[in-house]
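> My questions will all concern the structure given below.
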Protein chains: 2
Amino acid sequence: MALSKKPVTGMKDILPKEMRIRDYVMTVIKETYGSFGFTSIETPCMENISNLSNKQGGENEKLIFKVLKRGEKLNIETAKEENDLVDFGMRYDLTVPLVRFYSNNANSLPSPFKALQMGNVWRADRPQRGRYRQFMQCDIDILGEPSNLAEIELILATTTTLGKIGFKNFQIRINERRILKAMAAYSGFAEESYDSVFIILDKMDKIGKDGVYAELISAGFSKESADKYLNLFRSMETSKNGLEYIRDELKDYLEEEVAISLTEIIDSVRATKASDFEIVFDPTLVRGMSYYTGTIFEIAIPEFGGSCGGGGRYDKMVGKFTGNDVPACGFSIGFERIVLLLLESGFEIPNESKKTAYLIEKGVSGDKLCSIIALAQKARSEGEQILVARMNKNKKHQKEQLMAEGYNEFKDFYKEELK
Amino acid sequence: MALSKKPVTGMKDILPKEMRIRDYVMTVIKETYGSFGFTSIETPCMENISNLSNKQGGENEKLIFKVLKRGEKLNIETAKEENDLVDFGMRYDLTVPLVRFYSNNANSLPSPFKALQMGNVWRADRPQRGRYRQFMQCDIDILGEPSNLAEIELILATTTTLGKIGFKNFQIRINERRILKAMAAYSGFAEESYDSVFIILDKMDKIGKDGVYAELISAGFSKESADKYLNLFRSMETSKNGLEYIRDELKDYLEEEVAISLTEIIDSVRATKASDFEIVFDPTLVRGMSYYTGTIFEIAIPEFGGSCGGGGRYDKMVGKFTGNDVPACGFSIGFERIVLLLLESGFEIPNESKKTAYLIEKGVSGDKLCSIIALAQKARSEGEQILVARMNKNKKHQKEQLMAEGYNEFKDFYKEELK
């Protein structure tokens, strides 16, 4: 079979220039999340296929790269469907593996457990510009913390990290699944149609209130419910405090403490934030994953069209593995989008060490070579970055290439020490 | 389908304790290799299956996790063999992907190109203690450098890194594929049987010279060749300088410059090394991969039975992708073995920052909660690591767990400030 120079369809090679930015962002993330007490963990990139097909992953479950069974377990002749041929699948996110990890290891972990995961995930999406089938996710999660301290810490940690990377003027939008549901109940939608209503509501920022209204009607919902629903959003906008309005207006549908807790999250974050952003209650925020049970939030960065990360509370997922629910809340940063933004903005990594290239003419050998290497070793031991390489025939081009790699100083070593 | 708490067979969850050591080792590796001018790159974890089945990977090609085709490309009914069902495979090492990467991107890379790769690889080996089917590899490679400067830099970079991690008294064993071949030719073995001879020679450290002799005879080689071969090893041992002896004795079979270059590598490394190790010429070193064309080397750490990493020169591999050979040489560190050694030796990470846990009684909320978080935010901005968590009912157990995680200071916050 012929060898192919290209990466597999939809995945990409990462060159040094991008890799330096990725490494830098990863270092800032690890340090900052570390200062909040999040500890790194890792799970295998493959999971048992049954764990990935449990309906928690929504649309992502249709995009799984599946791994062929091996040895005697594989029987091609009798196989009727995909699941006869595969036993593992590539993870499509880090949340399902985290919950499995926690279920498997809870006895060895502190409570609450604050986890940081950075790792690749795979989705067999239709390839498109800027979107790849292998990409890095970066999640923090707190398991075992029922109070809103989890949300406050997650939002502070994530926003501090974004600030350290250099982002300003961004926004955290926050909402609550229970508020979403109460608003739908108040408007008279039937419980089994909530998800359809929310899918339409989710388009509010694109199609506006009139658009949402029109779609609700054309989806067969009653004019009465649609009117009541949209009027609720209008009244909140014009009221001094949307959350307070909700608390009073929905008091027959919503436990008071839901709105109080959300207010406390917003106030605490505003009072203690360490970077330049705003946190706002957004009753139109939906977030797709069906596993969310409470608070949900999203990052909006002005330089970027859509969301640049998000998360929420999912208190019912550990129970699916263990039979006992454990409170859980997580926040995922849009790592690839952040890297793309930095790359496109010509971002310069701060405080990079001095980079010197020693270029040695061909033929320099023995003691002479040794003394040059010894010089490099000494500089390295003092923290400098020294590249030792043979001089190319086209030295000018070689230096240009090295300057593009960030080398700002050169030392040439010749066989005859004339120059 | 039922959910499984366990990781897939043969792969493991990595808990915070091990992860801290892994992160530390990765940081030292990146910094040290960085000081030698190696730049990080990354390739997708999957490769086209044809690239992985090109006979370069030896036995590893039998251990590939293969990825099921998707959508219309998959036709289970007409599939006769595995290759009808799969298009991608999980990489089993980082060398094949690196060479593909270089072939694909050479125009955008400096020459010589010094690459650092750290990433997972997968092999469907029979699961056994301490050996996993997903494991991290850590490779440095220099492409485009024909002279032995590549070998010298690779060995210095790797040994400096091992020294910084804390290893002492280790050994680099070095040999040359062309010396191996010349010794076999000199002894009268036929060229097509070299590989069989080397497989037997490779056991020398386990079965000794007599064992190798016996296996050669029972494999059907002539007594004359076996005698001549083993006598060569004996004479080298008793001579003052094994490499010099080889150069003289094999002069009809070996270009003089091979031995001269190997001597220069050994002398240069000895003269400029930055850590506590010895480099020795070892004519019994074979290394399995068929792609090696010149120098080969291996790390032996006394605390560890076998090899803890190795590498060599593979000048003919880029040509398989591009039609044009490019000189190439690489060194792979046994990352998992190093981590295992550190874990088992009770290794303590140097200079870890102070870790303080703030434990907040349930019910503390509003302004009081805010002021505690503000305190934590201030300490974090000053470089401290602060965990903020709710106090558990069993505070003693909670503190014990946190002490095991490295927390050495605690601050308790109560609703009523009595305590």
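Read-outs throughout are calculated quantities, based only on the coordinates presented, and are distinct from any laboratory measurement. These numbers were taken from a predicted model, which means no experiment stands behind them. Cβ sites come from the backbone with ideal geometry, for glycine too, and all protein chains shown count toward neighbours.
> Starting from the Cα coordinates of the protein assembly as shown, work out the convex hull volume and express it per residue in Å³.
Spelled out: Cα convex hull of the protein assembly as shown, divided by residues, is 187 Å³.
> Continuing with the same structure: With a sphere of radius 13 Å drawn around the Cβ of A:ALA379, what net charge do the other residues whose Cβ falls strictly inside it have (Lys, Arg +1; Asp, Glu -1)?
Details: positive: A:LYS354, A:LYS355, A:LYS378, A:ARG380, A:LYS411; negative: A:GLU382, A:GLU384, A:GLU409.
Value of the local net charge: +2.
> Quick one: compute a quarter of the convex hull surface over the Cα atoms of the range A:168-296 and quote it in nm². Before the final figure, lay out the partial values.
Details: hull surface 33.0 nm².
Across all orientations, the range A:168-296 yields a mean hull projection of 8.3 nm².
> What's the average, rounded to a whole number, of partner chain beta-carbon atoms within 10 Å of each residue's beta-carbon in A:25-36? Spell out each step's value before the answer.
Working: counts 0, 0, 2, 0, 0, 2, 3, 1, 0, 6, 13, 7.
Mean partner shielding for this stretch: 3.
> As a test of the definition: which semi-axes, in Å, follow for the range B:307-419 when you take the square root of five times each eigenvalue of its alpha carbon gyration tensor? Largest first, please.
Values: eigenvalues 534, 69, 27 Å².
So the equivalent ellipsoid measures 52, 19, 12 Å along its semi-axes.
> Roughly how many debye, to the nearest 20, is the charge dipole of the protein assembly as shown about its Cα centre, given +1 on each Lys and Arg Cβ, -1 on each Asp and Glu Cβ, and no other charges?
Numbers: 116 positive and 124 negative charges, 1 e Å.
About 0 debye.
> Using helices alone, I'd like the mean residue ellipticity at 222 nm for the protein assembly as shown: each DSSP H run of four-plus residues gives -39500 (n - 2.57), total over residue count, nearest 500.
Details: 30 runs with 342 residues, N = 838.
Value at 222 nm, helices only: -12500 deg cm²/dmol.
> Is there a pair in B:LYS62/B:LYS181; A:LYS80/A:LYS316; A:LYS396/B:LYS164; A:LYS17/B:LYS168 whose C-alpha atoms are over 30 Å apart, and which pairs would that be? It would help to have the intermediate numbers written out before the result.
Numbers: B:LYS62/B:LYS181 27 Å; A:LYS80/A:LYS316 34 Å; A:LYS396/B:LYS164 35 Å; A:LYS17/B:LYS168 35 Å.
Violating the 30 Å limit, Cα to Cα: A:LYS80/A:LYS316; A:LYS396/B:LYS164; A:LYS17/B:LYS168.
> For the range B:170-200 and the range A:104-167, what is the separation of their C-alpha centers, rounded to whole Å?
51 Å
> Distance from the Cα centre of the range B:331-399 to that of the range A:381-411, in angstrom?
Computed from Cα coordinates, the inter-centre distance equals 41 Å.
> Would you mind working out the magnitude of the charge dipole of the range A:168-296 relative to its Cα centre, with +1 at each Lys and Arg C-beta and -1 at each Asp and Glu C-beta, to the nearest 20 Debye? Intermediate values should be presented prior to the final figure.
Values: 17 positive and 23 negative charges, 78 e Å.
Using Cβ point charges on Lys, Arg, Asp and Glu, the range A:168-296 gives about 380 debye.
> For B:ARG337, what is the net charge nearby, where nearby means another residue's Cβ is under 14 Å from its Cβ and Lys, Arg count +1, Asp, Glu -1?
Details: positive: B:ARG22, B:ARG129, B:ARG131; negative: B:GLU18, B:GLU298, B:GLU303, B:GLU336, B:GLU344.
Here the charged neighbours net out to -2.
> Hey, what's the Kirkwood Rh for the range A:112-238 if you take every pair of different alpha carbons, in angstrom?
Working: mean 1/r = 0.0553 Å⁻¹.
Taking the inverse mean of 1/r over all distinct Cα pairs, the range A:112-238 comes out at 18.1 Å.
> To continue, here is another question. Expressed in whole Å with the largest first, what are the equivalent ellipsoid semi-axes of the range A:1-131 derived from the C-alpha gyration tensor as the square root of 5 times each eigenvalue?
On the way: eigenvalues 180, 116, 33 Å².
Gyration-tensor ellipsoid for the range A:1-131: 30, 24, 13 Å.
> In chain A, with Lys and Arg counted as +1 and Asp and Glu as -1 at Cβ, which of these residues, A:GLY288, A:ALA214, A:LEU250, has the Cα nearest the positive end of the dipole, that is, farthest along it?
Result: A:GLY288.
> Averaging over every viewing direction, what projected area does the convex hull of the Cα atoms of the range B:223-292 cover, in nm²?
Working: hull surface 26.0 nm².
Averaged projected area of the range B:223-292's Cα convex hull equals 6.5 nm².
> List the GluC sites (Glu not before Pro) within the range B:291-346 that fall in a DSSP loop (any state other than H, G, I, E or B) and whose Cβ has at most 15 other Cβ atoms within 10 Å.
Details: sites: B:GLU298, B:GLU303, B:GLU336, B:GLU344; in loops: B:GLU303.
Counting only loop positions with at most 15 other Cβ atoms within 10 Å, the GluC sites (Glu not before Pro) in the range B:291-346 are B:GLU303.
> Rank B:MET136, B:SER147, B:SER196 by how far each Cα sits towards the positive end of the charge dipole of the range B:92-231 (+1 on Lys, Arg Cβ; -1 on Asp, Glu Cβ) and give me just the farthest.
The residue sitting most towards the positive pole is B:MET136.
> Okay, moving on. Mind checking the mean number of beta-carbon atoms from other chains within 10 Å of the Cβ atoms in B:271-278?
Numbers: counts 7, 10, 3, 5, 0, 0, 0, 0.
Mean shielding by partner chains, rounded to a whole number: 3.
> Which of these, A:TYR292, A:TYR253, A:TYR407, has the largest mean-square fluctuation under a Gaussian network model of chain A (Cα springs below 10 Å)?
Comparing A:TYR292, A:TYR253, A:TYR407 in a Gaussian network model of chain A, the most mobile one is A:TYR407.
> Quick one: pull the percentage of alpha-carbon pairs in the range A:83-150 with a separation above 14 Å.
Values: 1532 of 2278 pairs.
Here the long-distance tail beyond 14 Å is 67 percent of all Cα pairs in the range A:83-150.
> Tilt of helix B:95-105 relative to the longest C-alpha principal axis of chain B, in degrees (0 to 90, nearest 10)?
90 degrees
> Sticking with this structure for a sec: Roughly what percent of Cα-Cα pairs across chain B reach past 42 Å? Mind dumping the intermediate values first?
Details: 25707 of 87571 pairs.
In whole percent, the share of Cα-Cα pairs in chain B beyond 42 Å is 29.
> Could I ask something else about it? Mind jotting down the distance between the C-alpha centroids of the range A:211-266 and the range A:28-65, whole Å?
Cα centroid to Cα centroid, the span is 33 Å.
> At q = 0.16, 0.20, 0.32, 0.35 Å⁻¹, what log₁₀ I(q)/I(0) does the range B:1-41 have when each alpha carbon counts as one equal point scatterer in the Debye sum?
-0.62, -0.74, -1.01, -1.08
> Compare the Cα positions of B:SER371, B:PRO350, B:ALA328 along the charge dipole of the range B:268-419 (+1 at Cβ of Lys, Arg; -1 at Cβ of Asp, Glu; about the Cα centre) and return the one farthest towards the positive end.
Result: B:SER371.
> Moving on to the next point. So what's the net charge close to A:PHE38: Lys and Arg +1, Asp and Glu -1, counting the other residues with Cβ under 13 Å from its Cβ? Before the final figure, lay out each step's value.
Numbers: positive: A:LYS30, A:LYS114, B:ARG20, B:LYS355, B:ARG380; negative: A:GLU31, A:ASP139, A:ASP141, A:GLU145, A:GLU153, B:ASP23, B:GLU405.
In short, -2.
> Would you mind giving the mean number of other chain beta-carbons within 10 Å of the Cβ of each residue in A:134-147, as a whole number? Each step should come with its number before you reach the end.
Details: counts 5, 0, 1, 0, 0, 0, 0, 0, 1, 0, 3, 3, 2, 8.
For peptide A:134-147, the averaged partner shielding equals 2.
> Only Lys, Arg, Asp and Glu count, each charged at its Cβ (+1, +1, -1, -1), so figure out the dipole size of chain B about its Cα centre, rounded to 20 debye. Don't jump to the answer; show the numbers that get you there.
Working: 58 positive and 62 negative charges, 443 e Å.
The dipole of chain B has a size of about 2120 debye.
> Taking the alpha carbon gyration tensor of the range B:355-413, what are the square roots of 5 times its eigenvalues, largest first, to the nearest whole Å?
Values: eigenvalues 68, 55, 6 Å².
Each semi-axis is the square root of five times an eigenvalue, giving 18, 17, 6 Å.
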